[in-house]
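Written below as structure tokens is the structure these notes are about.
The values are calculated or read from the model by the stated rules, or taken from the named source; none is laboratory data. Being a predicted model, the structure only gives us computed values, none of them experimental. Here Cβ is always computed from backbone atoms with ideal geometry, including for glycine, and neighbour counts include all displayed protein chains. Side chains are part of the model used for accessible areas, which takes the heavy atoms of the whole protein and leaves out ligands, DNA and RNA. Shrake-Rupley method; radii C 1.70, N 1.55, O 1.52, S 1.80 Å.
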Amino acid sequence: MKYPIYMDYNATTPLDKEVLEAMLPYLTDHFGNAASRFHAYGWKAAEAVDLARQQVAGLLGASEKEIVFTSGATESVNLAIKGVYEAFSRKGNHIITVATEHKAVLDTCQHLEKSGAEITYLPVDSEGNIDLTLLEASIRPTTILISVMAANNEIGVTYPLKTITEIAHRHQVLFHTDATQAVGKLLIDVIADEIDLLSMSAHKLYGPKGVGALYIRKKLNIVAQQDGGKHERGLRSGTLNVPGIVGLGKACEICQQRMTREAIRLGALRDSLENGILGAIPETKINGNITYRLPNTSNICFGRIDGEQLLMSLNEIAVSNGSACNSASTEPSYVLKALGLDDDSAYGSIRFSLGRMTKPEDIDFAIKHIIEVVNRMQKVRVF
Amino acid sequence: MPRIYLDNAATTRLDDEVLQAMLPLMTENFGNPSSIHAHGRQVRSAIERARKTIATLLSASPSEIFFTSGGTEADNTAITCSIDTYQLKHAITSPTEHHAVLHTLEHLAKQGIIELSYVKLNEKGQVDVAHLEELLRTKPRTLVSLMHGNNEIGNLIDLKQISEICKKYNAIFHSDTVQTMGHYTHNLQDLNIDFIVGAAHKFHGPKGVGFLYINANNKIHPFIHGGSQERNMRGGTENVYGIVGMAKALEIAYRDMEAHQNHIKGLKTRMIEKLTANIPGITFNGDSANVDNSLYTVLSVSFPPSSDNDMLLFNLDIAQISCSSGSACSSGTDVGSHVLGALNVHPDRGNVRFSFGKYNTEEEIDKVIDVLTEIYAKKVLAPNP
């Protein structure tokens, strides 16, 4: 099957060939259960998991014992937020997060509200920034957790983690970041940034689907959410997805080597995509803060145009009009609405997210294709 | 001779046919199934085909199958979320359940959410059905969680009988079917059961993926929140190749089931007969020596007391034989098996679980019997000090 040019790397990334190579032995001969303590099949699997734990910890600047493997970022976020909520119920029931967080955070918080949690959803300004003064003013004596994503999946805006952790810790509040979109794209150092909990997934950084990790700072005790055989030091039970974990580890190692150069390359490609579109099509503008954002992400509003038709007509490129995780919904993006866009402008916005396979020719092709499609649609509108 | 793997109840080797089915989704078809462009749509249809395959094999509807990260998550979801959704105040289980069930229920009991009762077992570890009825009579609207096949001793329950009893008392019935899925036929049209589960890696599918069957009469809250995946029942990007691999593995398991059952039952019978003949004082735990009425993949052997029993598993490993003392899932803990503990098996005896799979051969079984016979023959022949 012939696919369009892929520009939706924030939804998922192709599995890196080197990562697949690293996984294959664990999908064939080394098939043991990492918890089997009495034979070589088990030991081989456990060794591979140990190496992967080092590789993940290495990318985050963490130590191995601070990494818990999960089935993905959504489970990590659930474990972090619910685990803190249960462990710190004596201290309080108040959590602060942001209106533009991923659904994994928002749905989890809404679920906790039903069982008595109080949640503050901070607003964002027209560029997607949060007001740090308001953040600090929202802290109550009962506040136990602040959860702010490292980078937004739709508009790519990044948040000042270090400043936020300083505010949180000044008030003895824990800080969790959903770093699913940032890990592997930007340097994140959990020690320097003083992060307490960090959620991430493999399939956003050229690793496999169905695996992720939660970083939990040393000496921080949270309550496990999935019980069973006490795997992962009792924090996450269930037979370890050994090939997946091996893939996650390898993907982290590769990102650590290439991240800095790749960010520069993608930033330049992204800028030329934006210049090409904004220069040729009037009424287009970029959504979100353009200074502090992921190098690979561009969310462009095409003005008063039928967004659905635009997306369907752009059949030579694979792009999206919001988070893939909400695609069952026909509502306009809640992230863009939180920035103050009206329904039409939100529908008329498209997220381009570039990645390792994106080449300069792809950008030229995409610009040409987009201009053609928009011109055609505008002509139709005139008649 | 290469290493002999007799720990198939812990995990199984991925079938090469399964890997071949997974590879296209690990290479060119890499999209996010929730994406609406071609990359996404292609993968979405692969997932829905997999759902249909599994549903058809189990005589269920595709809308009753929910993908999870494995058996443990599926068990946790069924238990935690049915108790939460239906505001159940009581649950009944047995002391020999897998920890995915026991620890989950114990956690809820400790929080004061439920009262937990344990059904009595006889000395073979079989469920006392009369006691179950007695418990149900006094505690209406209960969750009953009883595993179909025990992972350590191979005991089976009669799903049909238990499900009828549960129905009679309006109880919710969950069965941890991790060990029987893909090894026996499950016909859900024919069973009054609310929840059963599967873990792909127990039937030659990949690790990190499983499923929960939720009978259409039930509507429970999600366990993992975020995103609209799995019809709002389970947030998170789907483990696409895992799901496709699992469906393929179950398809192969059903296709070849009769042949595999016969083959593995033959191996188990051979092992029981020869060990009984060669090693005086050997016994078998639970029902596992009853080949036609126990999990045919599991044989729980109890060797006579010996000073070498502590080293038995390591000696077997040195002899290139991989097996286990019980469940692999009690990882990192050195406590004895809770299942054998519940059966009052004498701690001086050497307990080993041999669990068979489709790739095992008669030659392998004979080798294992020789090694074991030698270990225990030495004891008999050694002169008294």
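Hand me the trypsin sites (Lys or Arg not before Pro) from the stretch B:164-271 located in a DSSP loop with no more than 12 other Cβ atoms within 10 Å, in residue order please.
Values: sites: B:Lys167, B:Lys168, B:Lys202, B:Lys207, B:Lys219, B:Arg231, B:Arg234, B:Lys248, B:Arg255, B:Lys265, B:Lys268, B:Arg270; in loops: B:Lys207, B:Lys219, B:Arg234.
Loop-located and lightly packed - B:Lys219.
By a straight-distance test (C-alpha under 19 Å), which lysines pair with B:Lys265 as possible cross-link partners, with residues fewer than eight away in the same chain excluded?
The qualifying lysines are B:Lys202, B:Lys274, B:Lys358, B:Lys367.
Could you tally the net charge around B:Pro62, taking each other residue with its Cβ under 12 Å from the Cβ of B:Pro62, Lys/Arg +1 and Asp/Glu -1?
Numbers: positive: B:Arg49, B:Arg51, B:Lys52, B:Arg231; negative: B:Glu48, B:Glu64, B:Glu230.
Every neighbour counted, the sum reads +1.
Rounded to two decimals, what is the ratio between the C-alpha radius of gyration of the stretch A:1-111 and 2.2 N^0.38 Å? Don't skip to the answer; put the middle values down first.
Working: Rg = 18.8 Å, N = 111, 2.2 N^0.38 = 13.2 Å.
The value comes to 1.42.
For chain B, find the longest principal axis of its Cα atoms and tell me its angle to the long axis of helix B:240-255, 0 to 90°, nearest 10.
So the inclination is approximately 60 degrees.
Using only the alpha-carbon atoms, how far is helix B:257-278 inclined from the longest principal axis of chain B? Give it as 0 to 90 degrees, nearest 10.
Here the helix axis deviates by roughly 20 degrees.
Under a 1.4 angstrom probe, counting protein chains only, how are B:Phe66, A:Phe365 ranked by accessible area, largest first? All intermediate terms of the calculation are to be shown ahead of the outcome.
Values: B:Phe66 25, A:Phe365 80 Å².
Listed by decreasing accessible area, they come as A:Phe365, B:Phe66.
List the equivalent ellipsoid semi-axes of the stretch A:280-320 in whole Å, largest first, each obtained as the square root of 5λ for an eigenvalue λ of the Cα gyration tensor. Please report the intermediate quantities before stating the final value.
Values: eigenvalues 83, 40, 13 Å².
They are 20, 14, 8 Å, listed from largest to smallest.
Pairs of alpha-carbon atoms within less than 8 angstrom and 6+ residues apart define the contacts here; what relative contact order does chain A have, in percent? Display every interim value, and only then the final one.
Details: 747 pairs, mean separation 89.0, N = 383.
The normalised contact order for chain A reaches 23 percent.
What percent of all Cα-Cα pairs in the protein assembly as shown falls in each 10 Å bin, counting up from 0?
Over the protein assembly as shown, the share of Cα pairs per 10 Å bin runs 3, 14, 23, 24, 18, 10, 5, 2, 0, 0, 0 percent.
For chain A, what is the accessible area per residue in Å², given a 1.4 Å probe and the full set of protein chains?
Numbers: 14360 Å² over 383 residues.
Solvent-accessible surface per residue comes out at 37 Å².
Among residues other than A:His39 whose Cβ falls under 11 Å from its Cβ, what is the net charge (Lys/Arg +1, Asp/Glu -1)?
Working: positive: A:Arg37, A:Lys44, B:Arg3; negative: B:Asp7, B:Asp317.
Cβ neighbours under 11 Å give a net charge of +1.
If the cut-off is a Cα-Cα distance under 18 Å, which lysines reach A:Lys204, setting aside same-chain residues fewer than 8 apart in sequence?
Once the sequence-local lysines are set aside, what remains near A:Lys204 is A:Lys17, A:Lys103, A:Lys185, A:Lys250.
Mind grabbing the accessible area of A:Tyr121 for me, 1.4 Å probe, Å², rounded to tens?
The accessible area comes out at roughly 80 Å².
Of all accessible surface on the stretch A:17-254 at a 1.4 Å probe, what whole percent is carbon and sulfur?
On the way: 4020 of 7600 Å².
Carbon with sulfur: 53 percent of the solvent-accessible area.
Chains A and B: buried accessible surface, both sides, probe 1.4 Å, rounded to 100 Å²? If you can, show how the numbers build up before the last one.
On the way: alone 17150 and 17050 Å², together 28640 Å².
Chains A and B together bury roughly 5600 Å² of accessible area.
Quick one: compute a quarter of the convex hull surface over the Cα atoms of chain B and quote it in nm². The partial results should precede the final answer.
On the way: hull surface 80.0 nm².
One quarter of the hull surface, i.e. the mean projection, equals 20.0 nm².
Would you kindly find the accessible area of B:Phe203, with a 1.4 Å probe and non-protein molecules such as ligands, DNA and RNA excluded, rounding to the nearest 10 Å²?
The accessible area comes out at roughly 0 Å².
Given a 1.4 Å probe, show me the residues in the stretch A:205-228 buried by at least 50 Å² of accessible surface when comparing the whole protein assembly to the chain alone.
When all protein chains are present, A:Lys209, A:Gln226, A:Asp227, A:Gly228 each give up 50 Å² or more of accessible surface.
Using amide H atoms built 1.01 Å from N in the peptide plane, name the residues 5+ places from B:Thr237, or on other chains, whose amide H lies under 5 Å from its own.
A:Thr74
Can you give the FRET efficiency to the nearest 0.05 for A:Arg376 and A:Lys219, using r as the Cβ-Cβ distance and R₀ = 35 Å? Kindly include the intermediate steps, with their values, before the conclusion.
On the way: r = 60 Å, r/R0 = 1.73.
In this case the efficiency is close to 0.05.
Rounded to the nearest percent, how much of the accessible area of the stretch B:139-276 (1.4 Å probe, protein heavy atoms only) is carbon and sulfur? Show your work: numbers first, answer last.
On the way: 2050 of 4290 Å².
After summing per-atom areas, the C and S share lands at 48 percent.
For chain B, calculate the relative contact order in percent as a whole number, restricting contacts to Cα pairs under 8 Å that are 6 or more residues apart. Walk me through the numbers on the way to the answer.
Details: 723 pairs, mean separation 87.7, N = 385.
Normalised by residue count, the contact order of chain B is 23 percent.
Taking the Cβ of B:Thr297 as the center, what net charge do the other residues with Cβ under 11 Å away carry, scoring Lys and Arg +1 and Asp and Glu -1?
Details: positive: B:Lys202, B:Lys265, B:Lys268, B:Arg353, B:Lys358; negative: B:Asp7.
Neighbourhood net charge equals +4.
For A:Asn321, what residues show an amide H to amide H distance below 5 Å, using hydrogens built from the backbone and excluding near sequence neighbours?
A:Arg351
Taking the solvent-accessible surface of protein heavy atoms with a 1.4 Å probe, what is the per residue accessible area of chain B in Å²?
Numbers: 14280 Å² over 385 residues.
Heavy-atom accessible area per residue stands at 37 Å².
Using each residue's phi in the stretch B:354-368, evaluate 6.51 cos²θ - 1.76 cosθ + 1.60 at θ = phi - 60° and report the 3J(HN,Hα) Karplus result to the nearest Hz, with x for Gly and Pro.
Result, rounded to whole Hz: 9, 10, 9, x, 5, 8, 6, 10, 4, 4, 4, 5, 4, 4, 4.
Compute for chain A: radius of gyration divided by Kirkwood radius, i.e. Rg/Rh, restricted to C-alpha atoms, rounded to two decimals. Mind showing how you got there, number by number?
Working: Rg = 21.4 Å, Rh = 21.6 Å.
Here Rg/Rh amounts to 0.99.
What does the extension gain come out to for B:Val291 and B:Thr185, with contour length at 0.36 nm per residue minus their alpha carbon separation?
Values: separation 106, 0.36 × 106 = 38.16 nm, distance 1.70 nm.
Once the chain is fully extended between B:Val291 and B:Thr185, it gains 36.5 nm.
Rounded to whole Hz and in sequence order, give me ³J(HN,Hα) for the stretch B:109-118 from the Karplus expression 6.51 cos²θ - 1.76 cosθ + 1.60, θ = phi - 60°, writing x for Gly and Pro.
Per-residue couplings from phi come out as 5, 5, 6, x, 6, 9, 9, 10, 10, 10 Hz.
Helix A:40-60 versus the longest principal axis of chain A: what angle, 0 to 90°, nearest 10, using Cα atoms?
Value to nearest ten degrees: 50.
Leaving ligands, DNA and RNA out of it, rank B:Thr373, B:Thr12 by accessible area with a 1.4 Å probe, largest first. Provide the component values of the computation, followed by the final result.
Values: B:Thr373 30, B:Thr12 5 Å².
Result, largest first: B:Thr373, B:Thr12.
Please work out the C-alpha center-to-center distance from the stretch A:1-15 to the stretch A:154-221 and express it in whole Å.
So the separation of the two Cα centres works out to 25 Å.
I need to check one value: relative contact order of the stretch B:79-182, counting alpha carbon pairs closer than 8 Å and at least 6 residues apart, in percent. All intermediate terms of the calculation are to be shown ahead of the outcome.
Details: 157 pairs, mean separation 29.2, N = 104.
With pairs under 8 Å counted, the relative contact order is 28 percent.
Hey, could you pull the Cα Rg and Dmax for the stretch B:246-286, both in Å?
Final numbers for Rg and Dmax: 15.0, 44 Å.
List, in the order given, every pair from A:Lys114/B:Lys219; B:Lys110/B:Lys168; B:Lys89/B:Lys110; A:Lys65/A:Lys91; A:Lys82/A:Lys219 whose Cα-Cα distance in the structure shown is over 23 Å.
In this structure, B:Lys110/B:Lys168; A:Lys65/A:Lys91 lie more than 23 Å apart at Cα.
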